Amino acid sequence: MPDKKHNGRIIKRSGKQLTGADRGERMSAKRAAWVALPILIAIAVMAGLYIHSSVSYTSTSYAQNGILNLAEWNKNGAFEVTGEWEFYWDKLLTGTQLESGMEAPVIVSAPGEWNYYETELGELPGFGHATYRLHVTGAQPGTEYGIRIQNMASAYKLYIDKTLLAQNGTFGDRADAPVSSYRPQLAAFTPQSDSFNIILQISNDAYAVGGMWEPLIFGTAGQVSGFDSALSAVGMATLGGVVCICLFFFIFYAARQQERDVLILAGIGALMLVRLTLYGDSPITYILPNMPISGFGWIDYLTLIWIQFLLLYFVYCTYGNIVRKWQVAALLAYCAAVTLAVILLPFATIASAYNVMNIILLLVIAEVTAQLGRAAWRGQPDAPMLFFSLSFILALIFYGMFVEDWSTGFYLLTGSAVEYMILFTAQCVIVARRYHRAQQLEISFLKGQIRPHFIHNSLTGIAASVRTDPARARELLQDMSSYLRGFYDYDSDDLITLSRELALVRAYVSIEQMRFGDKIQVEYDIEADNILLPPLILQPLVENAFVHGLREKEGGGTVVVYARRVKKTKARIGVRDNGLGYGVRPSALGRQSVGIENINRRLSKLYRTQLGFAVPEGGGCEAYMEIPWKEAKADARVPH
């Protein structure tokens, strides 16, 4: 196949040309990769979490038949106490009573809700009280150990043997008890022998489920304190990050008033911020100390359902062609109904439906993720990135619901709300890409600033000179061609040499002098013509000098285009005329055109500077810029 000549360059053709079917197959493969890769990453994340949990479980000691042997502990760090505990239903027993051996326990897996224990006691109610006991052996006498009691909205008392170590709430507290007494706690103790008992009395009169909701974190006092500090640091960092992201989204929306999806993400961030106050150190107990403990549930349920609605609405606003309006309306009706139920129905009734709400959440997130997968397959802009973040959220929700991972690493991971932080980060990247595309459109808009009447007048003048001076007409057509090519033949991110910009200026001047004759003279005072600068940055200044400065001046005048080094590392490039002139402020006589405003935006973006204006001696106007003195390398390939 012969080579093709384009603009004086020879383009080599490859020996094999892609057919439409080949290109279609490649596009299909690329779309499939965009869809498959996030799914594989989500699966890999779940597998990694499960492997980490399994390794953590096998590398630390766990309770068996009510006994925890610390001799099996590798002592590398704090660990979660899980396994088989002794359980005494409907009894609040002390160490003395347990030592008597008069009470017969059943063995249960903890942590867990006692509603779902499978014992000879039968099905247990959510409300009630019970005692858990774990006998610990293999301890080192004289060593200071620590225990962190996690978030537990039920009232409890924690004993080491007969010593009360920590207390949460008051037994008999109902849903209206204030949250100020329900906080995670850190406690330390020093055993005097190699064995001791951990006794946990729990009283639940608030929630529809009761029991040891989360495991105790055990280790040396230093290890447990370190884990507690790490969890607090992660929580505070996450809260701060979500606050900053929400502010960014709100400010961005307020500035543009067009990016509705950004406002929706800000709403999701605000709801996540509220949810985060329930976890870790439970900041909500300090912010609203008199809030009832049922408020934990109200906040949890309401933020949960409205986050899922906003996620679907977010996809609907971003890709309305793949999410149906009826789906948004149906989910809105469901969220409104649940909100009314939370407000009007007894709290215990709502709490009993928590698992159902979680299942619905999982289904909604799965639907949103599937819709984004469709958008990614169709090649919708930015859909693959959002599909990845939603796949990650779906994977962690699924993992948290169906895999019992009580490892300290998982606590740190969930405390950081990493899944939603990935979503917010993805949207920040998308906003940045939109801004970049908007700047490219702005450059395209600048290209469109060629005034139609200028082209019309120029072509009319060239046509008139065809009969009287054909040679001059040919020259003007070449200048017109160079001028138009200079406007359109560059990329928005290019930096070009001053010599190339001057070629555009000379082409423009040649065309204008067809109309003005020798009335206007143009001089060039150039110290170096290989300075790099943005394209289309001098020609609008020369045009302003012609149109606004000298066109109406009797007798014409002179335009000087100059470039010289100043301050060693700076280049001062400008245009000076001795025309009608005006004050130093360019807006005084309306001389600041859209083109100059565009130049200022680009100078601000690239160099954090803007045009300067001055009145030269003898009158007129001078417009100039100071940019870094950067010369093109001698062997650099300059685009044409």
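Structure above, values below:
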| item | result |
| --- | --- |
| Pair list, Cβ < 9 Å and 6+ apart or interchain, from segment 618-630 residues that are under 12 Å from G557 (Cα atoms) and hydroxyl-bearing (S, T, Y) to residues that are part of a strand (DSSP E or B) and modelled with pLDDT of 95 or more | none |
| Extreme residue, surrounded by the fewest Cβ atoms within 10 Å (Cβ to Cβ), among residues of segment 87-99 that are not in a loop (DSSP other than H, G, I, E, B) and not acidic (D, E) | T96 |
| Qualifying residue in segment 108-124 (condition: closer than 24 Å to F227 by Cα, touching a residue at least 60 places away in the same chain (Cβ under 8 Å) and part of a loop (DSSP other than H, G, I, E, B)) | yes |
| Residues (within 19 Å of Q427 (Cβ to Cβ) and either surrounded by 12 or more Cβ atoms within 10 Å (Cβ to Cβ) or touching a residue at least 60 places away in the same chain (Cβ under 8 Å) (or both)) located in segment 318-327 | T318, Y319, I322, V323 |
| Single residue of segment 514-523 satisfying the filter (within 12 Å of R551 (Cβ to Cβ) and not charged (D, E, K, R)) that is modelled with the lowest pLDDT | F516 |
| Hey, L504 closer than 19 Å to M625 by Cβ and assigned to a helix (DSSP H, G or I) or not | yes |
| Options T425, T414: the member that is among the hydroxyl-bearing types (S, T, Y), modelled with pLDDT of 80 or more and under 14 Å from the mean Cα position of the chain (by Cα) | T425 |
| Residue satisfying condition, being over 16 Å from A208 (Cα atoms), touching a helix residue (DSSP H, G or I) at 6+ places or on another chain (Cβ under 8 Å) and of a type in the set (S, T, N, Q), within set T163, T137 | T137 |
| Flag if V209 is buried (at least 19 other Cβ atoms within 10 Å of the Cβ) and at pLDDT below 90 | yes |
| Of the criteria (1) at pLDDT 90 or above; (2) surrounded by 16 or more Cβ atoms within 10 Å (Cβ to Cβ); (3) over 41 Å from the mean Cα position of the chain (by Cα); (4) not β-branched (V, I, T), which one Y582 fails | (1) |
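Each row is one residue, and each column tells you yes or no for (1) under 19 Å from M152 (Cα atoms); (2) in a strand (DSSP E or B); (3) at pLDDT 95 or above; (4) not assigned by TED's automatic domain parsing to the domain that holds G219.
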| site | (1), (2), (3), (4) |
| --- | --- |
| L49 | no, no, no, yes |
| A71 | no, no, no, no |
| N74 | no, no, no, no |
| E80 | yes, yes, no, no |
| W85 | yes, yes, yes, no |
| G101 | no, no, no, no |
| G126 | yes, no, no, no |
| T131 | yes, yes, yes, no |
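The values are calculated or read from the model by the stated rules, or taken from the named source; none is laboratory data. Because the structure is predicted, anything quoted here is derived from the model rather than measured. As a convention, Cβ positions derive from the backbone with ideal geometry for all residues, glycine included, and neighbour counts pool all protein chains shown.
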